[in-house]
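Here the structure comes first, spelled out in structure tokens, and everything after it is commentary.
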Amino acid sequence: MSTGTAPQLEDRPRKSLAPGWHTAVLLLFLYGVPALLASYPIHFPEGPRSLKYLAEVFIQLLFFLFVLFGVHLNGNGLRDLLGPRPKNWREVGVTALWGLALACLSIAIAYFISVVFGHFYKNEPPAIGPRNLVELLLFFGLSITTGFWEELTFRGYLLKQIYYFNGNNIVFALLVQAALFTIAHGLNQTAAGVADKMIFGLLLGWVTILRKSLLPAIIAHGVGNALLGAIAFYLK
């Protein structure tokens, strides 16, 4: 095996996961619609947080179906986004350990940044943390779907699309997907918030490239969100 070669995202060469116009439309929805709503906000009446959780899951489902539609247009499928499935139980265990370790590391980094540099947002966003056991269970479900959807979008889809569209420059793809991931979490972030999301996006992207699988990142993201929700519920 040759040495000194740049790491590759996949073993099989391909032009792209989905058509370029599909990526443009996805980016428009991811960033254009929130920017429009920020300029012309729509105020909804305050309702149960459980309904907010369910509404967010529904929106994630729509995005998931749109991403899946795009990759199918180029003859690809869900497996092309997720990467190869574990071959045996040992690989399942290693994948889970990578995910859990990354979740713990990301929480530790976020805690350190918040202690040293302060809040992540200039104006704290509306609280969405669970307030009772029912909301806590629903929040755990939302954490799983959010981890799956965000990883599928940023590390499964955009990382590979950027990689293929810029001539297989993996470092450029890693940096750009992390920047897009950071921006997607709001334009009212402080420097601490930007650093936290950027580091998290880089770590998730690096593990995805290293393992050639999206599963560790999905586990890390979902478990990390769930742990943060549980901590917020405990401290309330």
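The values are calculated or read from the model by the stated rules, or taken from the named source; none is laboratory data. Remember, predicted model here, so these are calculated numbers, not experimental data. We place every Cβ from the backbone using ideal geometry, glycine too, and count neighbours over all the protein chains shown.
Which of the residues that make up region 204-233 are touching a helix residue (DSSP H, G or I) at 6+ places or on another chain (Cβ under 6 Å) and over 17 Å from Ser143 (Cβ atoms)? Scanning region 204-233 gives Gly205, Val207, Thr208. Among the candidates Gly20, Gly83, Gly70, single out the residue that is crowded, with 17+ Cβ neighbours inside 10 Å, farther than 22 Å from Gly222 by Cβ and either of a type in the set (Lys, Arg) or touching a residue at least 40 places away in the same chain (Cβ under 8 Å) (or both). The conditions single out Gly70.
If you go through region 83-100 and keep only what is at pLDDT 95 or above and in contact with a helix residue (DSSP H, G or I) (Cβ under 8 Å, 6 or more places away or on another chain), you end up with Thr95, Ala96, Trp98, Gly99, Leu100. Could you please let me know if Tyr157 is of a type in the set (Ser, Thr, Tyr), crowded, with 16+ Cβ neighbours inside 10 Å and either modelled with pLDDT under 95 or touching a Cys at 6+ places or on another chain (Cβ under 9 Å) (or both)? No.
One residue alone among Phe200, Phe233, Phe181, Phe172 is at pLDDT below 95 and either touching a Phe, Trp or Tyr at 6+ places or on another chain (Cβ under 9 Å) or surrounded by fewer than 19 Cβ atoms within 10 Å (Cβ to Cβ) (or both), and that residue is Phe233.
Just give me the residues in region 210-227 being in a helix (DSSP H, G or I) and surrounded by fewer than 18 Cβ atoms within 10 Å (Cβ to Cβ), in sequence order. Leu210, Leu227 - these are the residues of region 210-227 that are in a helix (DSSP H, G or I) and surrounded by fewer than 18 Cβ atoms within 10 Å (Cβ to Cβ). Taking region 116-204 and the helices (runs of 4 or more DSSP H) fully enclosed by it, the elements with 2 or more residues that are under 25 Å from Gly99 (Cβ atoms), among the acidic types (Asp, Glu) and within 11 Å of the chain's Cα centre (by Cα) are at 133-151.
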